[in-house]
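The values are calculated or read from the model by the stated rules, or taken from the named source; none is laboratory data. Just so it is clear, the model here is predicted, and its values are computed rather than measured. Note that we place each Cβ from the backbone using ideal geometry, even for glycine, and neighbour counts take in every protein chain shown.
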Amino acid sequence: MPSSFYFPVFSGLLTAEHRKKIGPALWEFLWCISTTTKEVMEDGELLGIVLGGKPVSYNDVAKEMGGSKSTVKRNFEKLEEEGYILMTRTPYGHIIKVRNSKKFKKSAENDTGAKYGTGAENEYRGAIFGRGVPKMVTLIKI
């Protein structure tokens, strides 16, 4: 994974119910959320597509996160069993989809949200975080 960056995790995940269902697989679930690159609607369900649908191997995730292949495999299977992710087997790994994805969820109040995974765009083609950017920017050379 590239350098560190923030990604949204909704507080609804921090309940006793989810803690019991996810357990130590939380790290793999957070990895799935952080590597979700787009969201699609399939059969009335919003799914987050991990790494654009590229097959992911347990070995690659284990190397990236500093764990063993068997632990990563067990944790992904737990996440699938508990209904947090969907996995499709391919010759080179699994295509992973996060169920009920909210990474790019738009705010109902101001219609801002993640477009292309960064946030609502402004006229400067940048993401709007907080209050956005001023209408006119003047650069002064010192």
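The condition (being surrounded by 13 or more Cβ atoms within 10 Å (Cβ to Cβ), charged (D, E, K, R), under 27 Å from L26 (Cβ atoms) and modelled with pLDDT of 90 or more) is satisfied by just one residue among K105, K78: K78. Applying a threshold of 7 Å to beta carbon distances and a minimum spacing of six or more residues, or different chains, the list of pairs starting in the stretch 4-30 at a residue that is at positive phi and ending at one that is part of a loop (DSSP other than H, G, I, E, B) is empty.
Restricting attention to the stretch 3-35 and to residues that are among the β-branched types (V, I, T) and within 15 Å of the chain's Cα centre (by Cα), the residue that is surrounded by the fewest Cβ atoms within 10 Å (Cβ to Cβ) turns out to be V9.
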